[in-house]
Structure formats: C-alpha cells, structure tokens
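Scroll down for the structure; my scribbles are underneath it.
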C-alpha cells in the first residue's frame, strides 16, 4: 500500500504536463504561424517601405508592425542569416532559408517578404524577421511579384 501511494505522488504532477503536450501537438498549426504561406498585407516597390517610415514612423508602425509585407530592394550586405537591403532594411531570414544557399550577391535586386518588427529612428533602419526570398522573375510586369503604384493594395 505504501508503494502505491508513493507511485501516485510521482505520477500525479505528470498528468497536466502530458495533457499540455498532447494539446500542443494537436493544435501546433494554430499556436505557431506558418510564415512561409502567410499572405503579405501590402506589396512595396523599391524604396517605398523606407519612404513611408521616414515620412511618419508612428503611423507606419501602427499600420505595419508585426504584419507580413512584401518588398524589394538592392542587397548592400549579407551576414550569416541576415540580409541588408539599401542600407535601411535589415531582414533576418527565416530558419528554413539561408543566405549561402539562396545565391544572393551584393547589389542584386531582390524581392522578398517578411514581418516588420520595428523601426530605429536614429539609424533610420526598418527591422524585419521571418524573411523569405522570392525566385527572381525576368518579367517586371509579373502581377504576383510587382504591382504598379496605381495598383498597390490598400492596407485596409
């Protein structure tokens, strides 16, 4: 009888942990977002995202902070898992991608999407995480990647 009481005291705290583990496994897709399939809120052409943050950083943060956006820019630097575009967009790539395997070179025009996490007013840099590089297209009129200024999506 003593062993049964002692065993129950050891097993009892494991029950809530087991339930939590099962719940996390069943609802994993609702707990953690799949950033690669998330649609961008807005698509920006070269320089437009930086321009919006320079004009009114507070309003731009209200509209885009923690939202997925698509943008393009010229690569000015690369480090391990980070790409710097136009000297003002610092984009940390998603763990599923890497700078080395993507074949990105300096001064190359790239199109990518990512989640904006903030703006540094002193350095005038937009910080982005969960960045995904798009395959380059030779047709700049491709509607999936490029939109003319009069066709930009309204963020509402």
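Read-outs: derived from the displayed coordinates by stated rules, not from any lab. Everything numeric in this text was worked out from a predicted model, so none of it was measured. Here the Cβ is made from the backbone with ideal geometry for all residues, glycine too, and neighbour counts use every protein chain on show.
Modelled label positions at residue 65 and residue 122, each set 7 Å beyond Cα in the direction of Cβ, lie 1.8 nm from each other.
Cβ crowding within 10 Å ranks 62, 72, 84, 122 as 122, 62, 84, 72, fewest other Cβ atoms first.
Once both labels are positioned 7 Å from their Cα atoms along Cα-to-Cβ, the gap between residue 15 and residue 32 label points is 2.9 nm.
Can you sort 5, 42, 113 by how many other beta carbons sit within 10 Å, fewest first? So the residues, fewest neighbours to most, are 5, 42, 113. With the simple spin-label model, which puts each label point 7 Å out from Cα in the Cβ direction, the residue 76 to residue 99 separation comes to 1.5 nm.
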